[in-house]
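All remarks here apply to the structure that follows.
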Amino acid sequence: MAEMLKRESAPAWIIDRYRFREMLDPGTGSELWPRGVATVLSDDFAKQPDIRASLASVRWDLVVADEAHRFSGARAELLKGVGEVAGRVVLAALPGVTPANGFSLESATVVDWRRDELVDDKGRPLHLTPRPVLAIVRFAQSEAEHHLSDMIEALGQTLDSGKFLKEFASLILIRSLHSSPAALEGTLRRFAAGQEQNDEMNASLADEGRGEAPELIDPHAADNWRVVAKQALEALEAIQVDSKLGAFGTLIADLTHLGTLPKRICVLTNYLSTLYYLAAEIEGRDISCQLIHGSMGQDERQESLRKFMNAGGILLATSAVMSEGLNLRDVTDLVLYDLPRNRLAIQQLFGRFNRLGRRGRLTIHALAPEDCLDAIYFEPLRLLHEMDLGQDG
């Protein structure tokens, strides 16, 4: 944004934490947010309480919120506070997306970004890259894997607790089952934990994104879950081959073959345990990869991203960090080891990769079993097909 403004001879500066501290220096002798210059900052930085309060204390002539469809929670509060006293507010968002909570259409100009309709100042169509291609990577599950799936579904049905907690815990089991044996093992071990670990289990339920569970796991439910979960762990240990991992390994081998053009490959999973599971598989093939996940510090993440952007190869990341304003438009292949859970997650994900300035086609590889009638696969695949993607093969 800042570079674009400068090319148009519009004064602009980028504000980060370091520069903001400089602005607070009383020796500067000028107003905190100067006039006559466009201020550019990330929404991740702007939503922080002190920055948000400072921005809201100024009457801005124009406020532009890019990718406004992502604005919720602290971002929505930021937009509301800054926009209420602004001369004009422009929201750039995906078509059909309503503004953030507390912000009305009457108080803002909403610009729908449609890539095939973008023109320059003379009305000429901008150069467009080919639309992304979706490739479904199928794998055939073994009888042992089907047996384990049946056991996990049965475990979800036998949970002895309130209706909400029963459905929620069952969903956690199913999601981890379809991610990887590593993710499922971690979930089952928490279910098989003793009563003294119930608090940890409740915390893990809350971490799934639906707030705090309204019911605690009572001792009777914990005993029941522990017995059945241990049986499922035994069935998991008996499985010799992971068919999904096998399909992934074949895909990575094909993408990194010496005879192909150099690629930048990003692999996404919803679970940290699955991330390490895949990292072991990749490194076992004598292929290096960079990791990005929420447990890393900001400096570590930036260093991993810098190495990936400079050298290419494979970036292995958790889906959660994809909502943090990353620009990955140079990625050639996106591997969805775990499928996004809803339409908004898919839109946010594509916003990281299929951005203006992309020079080549993005190929999206989605792993799914041959008989993918389960909602965990069927609904995300349906949404992916609705994103107007080309089809590979």
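Points worth noting:
- From LEU381, LEU367, LEU339, residue being at pLDDT 80 or above and assigned to a strand (DSSP E or B): LEU367
- Boolean, LEU171 is within 26 Å of the chain's Cα centre (by Cα), at pLDDT below 90 and under 21 Å from TYR337 (Cβ atoms): yes
- Test: residue in segment 71-87 that is at negative phi, surrounded by 14 or more Cβ atoms within 10 Å (Cβ to Cβ), among the aliphatic types (A, V, I, L, M) and not in a helix (DSSP H, G or I): yes
- Whether a residue is surrounded by 15 or more Cβ atoms within 10 Å (Cβ to Cβ) and free of Cβ contacts under 8 Å to residues at least 40 places away in the same chain was assessed, and GLU31 does not pass this test.
- Filtered residues of segment 288-306 (kept if surrounded by 15 or more Cβ atoms within 10 Å (Cβ to Cβ) and over 12 Å from the mean Cα position of the chain (by Cα)): CYS289, GLN290, LEU291, MET296, ARG301, SER304, LEU305
- Residue among VAL58, VAL111 that is modelled with pLDDT of 70 or more, surrounded by fewer than 18 Cβ atoms within 10 Å (Cβ to Cβ) and under 19 Å from LEU32 (Cα atoms): VAL58
- Looking only at residues in segment 307-323 that are more than 22 Å from LYS244 (Cα to Cα) and of a type in the set (Gly, Ala, Ser), the one that is least open to solvent (accessible area, probe 1.4 Å) is GLY312.
- Considering segment 142-160, the residues that are part of a loop (DSSP other than H, G, I, E, B) and surrounded by fewer than 17 Cβ atoms within 10 Å (Cβ to Cβ) include one that is modelled with the lowest pLDDT, namely ASP160.
- Residue, modelled with the lowest pLDDT, within segment 306-336, restricted to residues that are of a type in the set (Val, Ile, Thr) and touching a helix residue (DSSP H, G or I) at 6+ places or on another chain (Cβ under 8 Å): VAL321
- Test: residue in segment 18-25 that is more than 28 Å from ASN342 (Cβ to Cβ), open to solvent by 70 Å² or more (accessible area, probe 1.4 Å) and among the aromatic types (Phe, Trp, Tyr): yes
- In the set (1) open to solvent by 40 Å² or more (accessible area, probe 1.4 Å); (2) at pLDDT 80 or above, the condition left unmet by SER176 is number (1).
- Residue ID - farthest from the chain's Cα centre (by Cα), chosen from residues in segment 244-273 that are assigned to a helix (DSSP H, G or I) and among the β-branched types (Val, Ile, Thr): THR250
The values are calculated or read from the model by the stated rules, or taken from the named source; none is laboratory data. Values in this document were obtained by computation on a predicted structure and should not be read as measured data. Cβ sites come from the backbone with ideal geometry, for glycine too, and all protein chains shown count toward neighbours. For accessibility, only protein heavy atoms count, side chains too; no ligands or nucleic acids. Shrake-Rupley method; radii C 1.70, N 1.55, O 1.52, S 1.80 Å.
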